[in-house]
């Protein structure tokens, strides 16, 4: 059984990851972490009390972090200190924070992905093939939409699409972001030629999509050697 710690358990993603893990016989929840001054600190969540002490990482095997860049950066220090496997789904990280994740991966195994969805990761693998087969006569643009509370724009997923397609085509790919209502996550890649248009769209209907992927990654990374892994590795 994998002893699991979850960061940001009072947030929408953290709470759902925690709830789904509580029904999974492969996990024993041993840490429910939230930032200091959160009113829920000390309150019961399942069989645990919500804690603000990252030193609780010494109790776990795998730590799942879908929080904000500043919190993730702090958690990295504890992951390295206690040598615990890590799953990171936080987006909006700057270059220095990403570099720190890369450095930590020399000490512990880390699954780091801008999107834990199985479908999106299939698209990560497929898009270079599509762009190559269509060739330079097709123009490409990316559109993404999320809820109003999402802070980073474009999303980490859209940036990954852009990176993949830019590296494949050697062209800059325009990317557009929309923040409206309670949209969970929509991503569209448009390939447009002179006489036809191809649109590849991924729509997330529920945050469960990302929570299930995160737990799949947590099972996969448990017991792995130190290194930086992606959801592509998990899905293989």
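FYI, it's all coordinate maths here, none of it is from the lab. Note that the structure is a prediction, hence the values are computed from the model and not measured. All Cβ positions, glycine included, derive from the backbone under ideal geometry; neighbour counts span all protein chains shown.
Observations on the model:
- More than 26 Å apart - percent of Cα-Cα pairs taken over region 125-236: 30
- Antiparallel content of DSSP bridges confined to the chain, in %, to 5: 40
- Expressed as a fraction of 2.2 N^0.38 Å, the C-alpha radius of gyration for region 74-113 is 1.04.
- Calculated FRET efficiency, residue 77 to residue 195, Cβ-Cβ distance, R0 = 45 Å: about 0.25 to the nearest 0.05.
- Computed FRET value (nearest 0.05) for residue 3 with residue 206, which takes r as the C-beta separation and R₀ as 30 Å: 0.65
- Acute angle (nearest 10 degrees) that the helix 208-221 long axis makes with the longest principal axis of the chain, alpha-carbon atoms: 70
- Å³ per residue enclosed by the Cα convex hull of the chain: 124
- Note on region 170-236: semi-axes of the ellipsoid equivalent to its C-alpha gyration tensor, largest first and rounded to whole Å, are 31, 19, 11.
- Counted over region 23-156, the DSSP beta bridges are approximately 20% antiparallel.
- Counting beta carbons within 10 Å around each of 88, 6, 184 and listing the fewest first gives the order 184, 88, 6.
- The residues 28, 162, 70, when put in order of fewest to most other Cβ atoms within 10 Å, stand as 70, 28, 162.
- Mean separation of Cα contacts under 8 Å (6+ apart) over length of the chain, as relative contact order %: 20
- With all projection directions averaged, the alpha carbon convex hull of region 81-190 covers 8.0 nm².
- In degrees, nearest ten, helix 95-104 long axis to first principal axis of the chain (Cα): 50
- Principal semi-axes in Å for region 57-97 [√(5λ), Cα gyration tensor, largest first]: 18, 10, 7
- Degrees separating the helix 118-134 axis from the principal Cα axis of the chain, which is the longest one: 20
- Taking every DSSP bridge with both residues inside region 103-188, close to 40 percent are antiparallel.
- Beyond 15 Å, the tail of the calculated P(r) for region 21-60 holds 42 percent of the Cα pairs.
- Highest-first arrangement of 108-114, 219-225, 139-145, where packing means the average Cβ count within 10 Å: 108-114, 139-145, 219-225
- Mean residue ellipticity, 222 nm, helices only, the chain: the sum of -39500 (n - 2.57) across DSSP H runs of n ≥ 4, divided by residue count and rounded to 500, is -11000 deg cm²/dmol.
- Once the chain from residue 133 to residue 182 is taken as fully extended at 0.36 nm per residue, the excess over their C-alpha distance is 14.1 nm.
- Ratio of Rg to Rh for region 51-135: 1.09 [Cα atoms; Kirkwood radius as inverse mean 1/r over pairs].
- Under the Debye formula (equal points on every Cα, no solvent term), log10 I(q)/I(0) of region 1-73 at q = 0.11 Å⁻¹: -0.22
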